[in-house]
């Protein structure tokens, strides 16, 4: 049952939590809990709309404070699999505050780069403890949307690497 | 296990790159060193504004400014970029830090729930 494990570029992180599986499930599905841990350091989550059902939409705002002032980034996506306390799969794309996915031309990234990513969360009940496996993959293809600055960054890194080889 | 420091640095790198002018400056420097004046040329920006962008890039460790003469040419340091060269790996420190916070948060919740149950 390893669907779509053919993707070359995936991030897999496994963790064990000293908490029941129901609580870990809530970390991903209840906005109040999700906001408490999701933002990277120096970031807050002012908005998290999580319509947790297959086909349901999510909209998350990440606000990063930098020396240049606050920067908001919006992400939207769709829930693909929802099996309570076991398995959650959703997609993620950079969007605007209304959930309109950023167009590929806005990003100016190379073709063939994943523009939408998928986050898969698998939970295993270990009797009061929980094993969690999170897989973050790129979805190949030309779906609209973009990873924005991440793509620009890749382009630049590739360019720099090529120069280093000369 | 210097993840906090690593993440701080990564945040700084991303913040530095989250600006099209700064990315353009880096792209220019990828072709060779340049003075602040040369870097300012393609932009409709004042020298102090360009200098500010260069300072941000310098703090992120992406640009090194020379000390010699009054020209102080800038050059690129690609090391921070190499660390985040594949898009999936670039998210690792972000997710690891998130799950550290999730761990702290659930531990706190479990403790509170147990206390509530006892006092009920």
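Each reported figure results from applying straightforward, stated rules to the coordinates on display, with no laboratory input. Note that the coordinates shown come from a computational prediction; the quantities given were computed from them, not determined experimentally. FYI the Cβ positions are ideal-geometry reconstructions off the backbone, even for glycines, and counts take in every protein chain you see.
Below are the figures for this structure:
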{"read-out": "Relative packing of B:106-118, A:48-60, which averages over residues the other C-beta atoms within 10 Å, highest first", "value": "A:48-60, B:106-118"}
{"read-out": "For the stretch B:13-33 versus the stretch A:11-28, the gap between their alpha-carbon centres in whole angstrom", "value": "38 Å"}
{"read-out": "Rough spin-label spacing in nm, given labels placed 7 Å along Cα→Cβ, for residue B:41 and residue B:96", "value": "4.2 nm"}
{"read-out": "Neighbouring partner chain Cβ atoms per residue of B:100-111, average, 10 Å criterion", "value": "5"}
{"read-out": "Theoretical FRET efficiency, 1/(1+(r/R0)^6), r = Cβ-Cβ of residue B:115 and residue A:15, R0 25 Å, to 0.05", "value": "0.50"}
{"read-out": "Per-residue Cβ neighbour rank within 10 angstrom, fewest leading, A:83, A:30", "value": "A:83, A:30"}
